[in-house]
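Only one structure is covered here, and it is reproduced in the block below.
The values are calculated or read from the model by the stated rules, or taken from the named source; none is laboratory data. Note that the coordinates shown come from a computational prediction; the quantities given were computed from them, not determined experimentally. A quick note on method: Cβ atoms are made from the backbone with ideal geometry, for glycine too, and the neighbour counts reach across all protein chains shown.
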Amino acid sequence: MANSAQARKRARQAVKGRAHNASLRSRLRTAIKSVRKAIVGGDKSVAQSVFRSSMSTIDSIADKKIIHKNKAARHKSRLSAAVKAMAA
C-alpha cells in the first residue's frame, strides 16, 4: 500500500488509467471482430466498408500506445488480406 500522499494519488490515477486503457482495448477487439463477422457474412462490399471504419479505430489506439504500432499493422494487414481473399 502507498504510504505517501504522492504515492496514494498515483495509485488512484493508475486505476483510472487502467480502466480507460481497458475500454480502448475492448473497442479494438470489437472492431476486429466486426470485420471478421462481416467476412464470414460473405458480402464483400459490406466487409470492405466495415474494414475501412475499423482501420481508424486500430490506428487511433496504436497512436495512443495502447498497443504497439507493429501489432496494429499486423492486424490491419491480416484483415485486409482476408477481405481481399473474399469471392467477389
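Worth a mention:
- Hits in segment 51-88 - residues which are under 23 Å from S23 (Cα atoms) and outside any helix (DSSP H, G or I): K64, K65, I66, I67, H68
- Among the residues of segment 55-88, those identified as surrounded by fewer than 11 Cβ atoms within 10 Å (Cβ to Cβ), over 13 Å from L24 (Cβ atoms) and of a type outside the set (S, T, N, Q) are H68, A81, A85, A87, A88.
- Selection within segment 2-15 - surrounded by 10 or more Cβ atoms within 10 Å (Cβ to Cβ) and in a loop (DSSP other than H, G, I, E, B): A2
- Close pairs (6 angstrom Cβ cut-off, 6 or more residues apart or separate chains): basic (K, R) in segment 7-26, at pLDDT below 95 anywhere: R8/A2
- Here segment 27-45 is the region considered, the condition is being surrounded by 13 or more Cβ atoms within 10 Å (Cβ to Cβ) and either among the basic types (K, R) or free of Cβ contacts under 8 Å to residues at least 12 places away in the same chain (or both), and the residue that is farthest from L79 (Cα to Cα) is R27.
- Every residue from segment 16-50 that is of a type outside the set (D, E) and not in a helix (DSSP H, G or I): G42
- Scanning segment 33-46 for any residue that is under 13 Å from the mean Cα position of the chain (by Cα), of a type outside the set (S, T, Y), at pLDDT 95 or above and farther than 11 Å from V83 by Cβ turns up at least one such residue.
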